[in-house]
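Q: Encoded as structure tokens, here's the structure I'll be asking about.
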Amino acid sequence: MTTKNTDVLIIGAGLTGLTLAYLLKSLNVKTTIIEANTRIGGRIVTKRNTNEAPIDLGATWLVPQQTNVLNLLKTLNIEVFEQFYGATAIYQPDPNKQAQLVALPNNDSVSYRIKNGTQTLIETLVDQLDSTSIQTDTSVISIQRKAEYLEVKTNKQTYHSTYVVSTLPPALFNQNINVTPELPEVITDVLSKTHTWMHNSIRTGFTYKTPFWKHPQSSGTIYANSGPLQEFYDHSNAEQSVYALSGFMSANLHDLGKKQRKQLALDQLQSYYGDQALEYLSYEECVWIAQKHTIKPDNNFLMPQQNNGHPLYQERYLNERLFIAGAETSPVFSGKMEAAVSSAMHVFNSLKAEIS
């Protein structure tokens, strides 16, 4: 097995890892990204079909208070546009009762989506990383402390790196990577009990030729307390030239097949919109619990956001050479894209103080 040297080794090519690599360009250090998946982007996935609206199946929405990610988008010349909710929503509080069209409360706050899909951010960051080595389909097996560096073994080769930054979901890092010497029990306990954002979510979407839900007596905003679809929204493109509905399906349906989930979703939409809901162009979904490089399912129940942003994630380990970063580790907007970017900035500022 060959051995390579690098200054900073980043585990995970999601938003945190790619943002950190982008920031590190200014320090003129050798950076390597290791990604277990065959694709990059982590929990950002956009499905694009020709002449159809792009469907985001992972991270999607931003709010004005999320300034770090919005500033990054502005720097990269990536446009955002306002999410369309409309003045009303279809609300079904009980499966035995007919859905109602209710007025949405007046709300001055807005949310945004990224033009051409959230994956545009991932693609643009990668385009900036011409000198950064990104190794996909490569899994980190172990990290061992040496006198002057950390030795990282993968399923393909070994790396000697001055610094290592894990951007994996903390629970996945704890389950998959052997660390020598062992990390303090206080941090391994937090790692194992940190809730993973999106871990049991099912994201789905249908594309359509026309936005029939924009009829005055209808809505593309759906809230249902029961049934397969729990939250659904207009997911048309920024130009309002191709159309879609997308949102969240009940996590309890992960054991069903894709065809069964699709039919259940169509039945529910048909009950709201009639037969026009059946005239879809494409159906897309992502069952996140099935993504083995996001989480390993276990029987331990964790409260949503449990241990997200824990103070121990702001510390460094293995002679100050190991950082534990990522969306779950930031105390601000934990689990969101803002947290991923904020975490990358935190690590970058720490490294900059030592390297520059």
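Q: Output the strands (runs of 3 or more DSSP E) that fall wholly within region 221-337 and possess 1 or more residues being free of Cβ contacts under 8 Å to residues at least 24 places away in the same chain and surrounded by fewer than 19 Cβ atoms within 10 Å (Cβ to Cβ), or say none.
A: The qualifying strands (runs of 3 or more DSSP E) are 229-234.
Q: So if I check each of T16, T38, T31, T46, which one is of a type in the set (S, T, N, Q), closer than 21 Å to Y159 by Cβ, surrounded by 22 or more Cβ atoms within 10 Å (Cβ to Cβ) and under 20 Å from the mean Cα position of the chain (by Cα)?
A: T16
Q: Working carefully through the options F173, F206, find the one that is under 16 Å from Q268 (Cβ atoms), in contact with a strand residue (DSSP E or B) (Cβ under 9 Å, 6 or more places away or on another chain), modelled with pLDDT of 95 or more and not in a loop (DSSP other than H, G, I, E, B).
A: Selected residue: F206, the only one of F173, F206 that is under 16 Å from Q268 (Cβ atoms), in contact with a strand residue (DSSP E or B) (Cβ under 9 Å, 6 or more places away or on another chain), modelled with pLDDT of 95 or more and not in a loop (DSSP other than H, G, I, E, B).
Q: Here's a check for you: in region 78-109, which residue that is among the aliphatic types (A, V, I, L, M), open to solvent by less than 40 Å² (accessible area, probe 1.4 Å) and in a loop (DSSP other than H, G, I, E, B) is farthest from R48 (Cα to Cα)?
A: If we take residues in region 78-109 being among the aliphatic types (A, V, I, L, M), open to solvent by less than 40 Å² (accessible area, probe 1.4 Å) and in a loop (DSSP other than H, G, I, E, B), then A99 is farthest from R48 (Cα to Cα).
Q: Provide a single number: the residues in region 211-220 that are in contact with a helix residue (DSSP H, G or I) (Cβ under 8 Å, 6 or more places away or on another chain), of a type outside the set (G, A, S) and open to solvent by 10 Å² or more (accessible area, probe 1.4 Å).
A: Count: 1.
Q: Let me ask something else about it. Return yes or no: is A59 in contact with a strand residue (DSSP E or B) (Cβ under 8 Å, 6 or more places away or on another chain), buried (at least 16 other Cβ atoms within 10 Å of the Cβ) and part of a loop (DSSP other than H, G, I, E, B)?
A: Judged against the criteria, A59 is not a match.
Q: While we're on this one: Can you go through A53, A21 and tell me which one is more than 30 Å from Q240 (Cα to Cα) and surrounded by 16 or more Cβ atoms within 10 Å (Cβ to Cβ)?
A: It is A21.
Q: I'd like the residue in region 68-77 that is buried (at least 18 other Cβ atoms within 10 Å of the Cβ) and either hydrophobic (A, V, I, L, M, F, W, C) or part of a loop (DSSP other than H, G, I, E, B) (or both) and, out of all such residues, is nearest to the chain's Cα centre (by Cα).
A: Here the residue is V69.
Q: Taking region 29-56, which residues are touching a His at 6+ places or on another chain (Cβ under 8 Å) and not in a strand (DSSP E or B)?
A: A36, N37, A53
Q: Then there's this: Could you look through region 1-28, keep only residues that are assigned to a loop (DSSP other than H, G, I, E, B) and at pLDDT 95 or above, and pick out the one that is farthest from D127 (Cα to Cα)?
A: G12
Q: Name every residue in region 176-203 that is open to solvent by less than 20 Å² (accessible area, probe 1.4 Å) and either in contact with an Asp or Glu (Cβ under 7 Å, 6 or more places away or on another chain) or assigned to a helix (DSSP H, G or I) (or both), in order of residue number.
A: I187, V190, L191, T194, T196, I202, R203, listed by residue number.
Q: If you go through region 116-142, how many residues are over 19 Å from L23 (Cα atoms), open to solvent by 20 Å² or more (accessible area, probe 1.4 Å) and among the polar types (S, T, N, Q)?
A: Within region 116-142, residues that are over 19 Å from L23 (Cα atoms), open to solvent by 20 Å² or more (accessible area, probe 1.4 Å) and among the polar types (S, T, N, Q) number 4.
The values are calculated or read from the model by the stated rules, or taken from the named source; none is laboratory data. Just so you know, these numbers come straight off a predicted model, no measurement behind them. All Cβ positions, glycine included, derive from the backbone under ideal geometry; neighbour counts span all protein chains shown. Ligands, DNA and RNA are stripped out before the accessible areas are found, and what is left, the full protein with its side chains, is counted by its heavy atoms. Shrake-Rupley method; radii C 1.70, N 1.55, O 1.52, S 1.80 Å.
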